[in-house]
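The values are calculated or read from the model by the stated rules, or taken from the named source; none is laboratory data. Keep in mind that this is a model prediction, so the values were computed, not measured. Don't worry about glycine lacking a Cβ; one is built from the backbone with ideal geometry, like all the others, and counts go over all protein chains shown. Note: accessible area is taken over every heavy atom of the protein model, side chains too, but ligands, DNA and RNA are not part of it. Shrake-Rupley method; radii C 1.70, N 1.55, O 1.52, S 1.80 Å.
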Amino acid sequence: MRPLPIRLRLTLWYFAMFTAAAMLLSVSSWWMLRRSLMATEYHELQERAEDVQLLLKQMDPNATPEFLHQKFQEIYKIKDDGKYFQVLGQDGNWLYRSKRMIDVGLRPAVPGDLPPQGTIVEFHQGTRYVMALAYPIYANGHSYSVQTGIALNKSMVLLSAFGTELLLLTPAVLVLAAIGGHFMSRKALAPVAAIATEARRINDRNLDVRLPIPETQDEITHLSETLNQMLARVELGVRSIRDFTANAAHELRTPLALIRAEVEVALSKPRAGDEYREACEQVQMETVRMTGLIDSLLLLARADAGMEALRFESVDANRLAFEIGEKWKTAMRAAFLDFSVETSPGPMFVRGDMNALQRLLTILLDNAVRYTQPGGSVSLCVSGNGPCVLFRIQDTGIGIAAEHQPRIFDRFFRVDRTRGSSSRGSGLGLALAKWIAERHDTSVSVESMVGKGSSFSFSLLSVAGPTLSSTGVAEYSISRN
Ligand code: ADP
């Protein structure tokens, strides 16, 4: 079954609670009224019994039961015969019994069996509803049971009138509860409705708009704040996607423009074969650059979408450094750089994705080559660092100013954009390096000084490796010649 809307549920809850409270109040007030009426009647009856006690005390203490019977007949016969009234001696003989009591046929317990507060019986006689109290009294060393009754008709009429009025009030109370519930739920949900109206106005073009935050410091305030925080995150996400798209388009435009210009110049007039060849080489260079850029873009897009799965395994850190070093030594030589790879003497294994770690080291070495002038030096060093294995790529290149260092891992950030394509960079390398490091639960840190060089490092937890011996751990160096 579909759950009821919250407004209806609130109304129903309020209605139920209000009705229950009103019922409870009605029943308890009816019961309290009845109790106080009964208490009044009880005291009236008790007073009557105590009057009898007073009378008995005024009589001769040695008076015989017959005398007392005689006296009671004289006193009560005329005025109280029509009442519910009888007095029983401790010996079980009647001192007095009104005609009404004889008709009813009630007999109280002997005084010794009665509790001090007496006992009450209620009964109907004809149209009367009677309450009778059997009460023990003591006078001149004797005890008696006085039983006296009173018709409760007046009290009952009062009580039933009160009950009827309460019942008549019930529909009004129910209607009031329903109306109250409706208004209460409307009022309680009004801030939520206001938030919904505001939220409906927000779209992808005005993501900077924020919801109003009521000053009530309650759940609604909390809801608004949470939604605003979510909006801020969404805005940031959308903005970074937009920036990413705009930057990607811009970066792709540059090599495409160069290709186009190259081709247009080549085709503008008939040329010698060498000139066409040169143009084709330029075009090829630009397409290689574009392919690299598109690769990086694709990888970042897949990383953002969570589609880029890494395959973690035990990786020999020494071997990894050695193999990467082998790949780079020719390029280093071509760039006129001293290149050294230092590995650790003992076996060192880390948990990681071999291809991703190769890519990470390639990005850092590629930067080192591009930002170090010929004659400088680059080193790749793998060493143990407590429970970790530290990878460090150091160069003696142009360095990075302190104010740029926090931004170099941002997508498309380049310290010197003006160098454009000549720097062969797109500003995506370190963003990718950062992502790979994060996937390996680490981060790339940088130490750099302008004009002195840079050092990029990251450490990975070392793990027990396979029983293979690590090969190529020897330190070696390739020098420019
Ligand atoms: P790019 O493709 O432009 O090199 P990266 O993301 O790899 O992009 O690097 C971002 C910026 O950081 C570079 O443009 C460069 O200014 C700076 N940078 C990176 N590595 C080095 C380095 N080894 N020496 C000097 N500057 C560097």
Carbon/sulfur fraction of accessible area - the chain, other protein chains in place, 1.4 Å, %: 59
Efficiency of FRET between I75 and A16 - r from beta-carbon atoms, R0 60 angstrom, step 0.05: 0.50
Fully extended contour minus Cα-Cα distance, from E198 to K269, at 0.36 nm per residue: 19.2 nm
Accessible-area order (highest first, 1.4 angstrom probe) of the listed residues E251, E235: E235, E251
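Based on the Cβ-Cβ distance of I294 and V463, what FRET efficiency does E = 1/(1 + (r/R0)^6) give at R0 = 30 Å, to the nearest 0.05?
Details: r = 35 Å, r/R0 = 1.16.
Efficiency, rounded to the nearest 0.05: 0.30.
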Tally of Lys pairs whose C-alpha atoms are under 28 Å apart, taken over the chain, 8 or more apart or cross-chain: 20
Computed magnitude of the charge dipole of the chain (debye, nearest 20; Cβ of K, R +1, Cβ of D, E -1): 1040
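Heavy-atom accessible area per residue, the chain, 1.4 Å probe: how many Å²?
Numbers: 28180 Å² over 481 residues.
On a per-residue basis, 59 Å².
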Rel. contact order, % - alpha carbon contacts under 8 angstrom, at least six apart, the chain: 11
Whole-Å distance, taken between Cα centres, linking the range 213-279 and the range 292-349: 27
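Counting other Cβ atoms within 10 Å of each Cβ, which chymotrypsin sites (Phe, Trp or Tyr not before Pro) in the range 320-395 have at most 15 and sit in a DSSP loop? Don't skip to the end; give the middle numbers.
Values: sites: F322, W328, F336, F339, F349, Y371, F391; in loops: F336, Y371.
Passing sites in the range 320-395 are F336.
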Dipole moment magnitude, nearest 20 debye, the range 198-252 about Cα centre, only Lys, Arg, Asp, Glu C-beta charged: 260
Chain lengthening between D410 and Q373 when straightened (0.36 nm per residue, less Cα-Cα): 10.9 nm
Extended-chain gain in nm, criterion 0.36 nm per residue less alpha-carbon gap, K187 and S443: 87.0 nm
Mean separation of Cα contacts under 8 Å, 6 or more apart, over the residue count of the range 170-232: relative contact order %: 26
Helix runs (DSSP H) in the chain reaching 27 Å along axis by Cα, Kyte-Doolittle at least -1.0: 6-58, 153-201, 219-267, 273-304
Distance between modelled label sites at L158 and A178, nm, 7 Å Cα→Cβ extension: 3.6
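I need the peptides 206-217, 374-385, 8-19 ranked by packing, meaning the mean over residues of other C-beta atoms within 10 angstrom, with the highest value on top. Each step should come with its number before you reach the end.
Values: 206-217: 12.7, 374-385: 17.6, 8-19: 15.9.
Averaged packing, sorted descending, gives the order 374-385, 8-19, 206-217.
How much mean residue ellipticity at 222 nm does the chain get from its helices, if each DSSP H run of length 4 or more adds -39500 (n - 2.57) and you divide by all residues, to the nearest 500 deg cm²/dmol?
Helix-only estimate at 222 nm: -18500 deg cm²/dmol.
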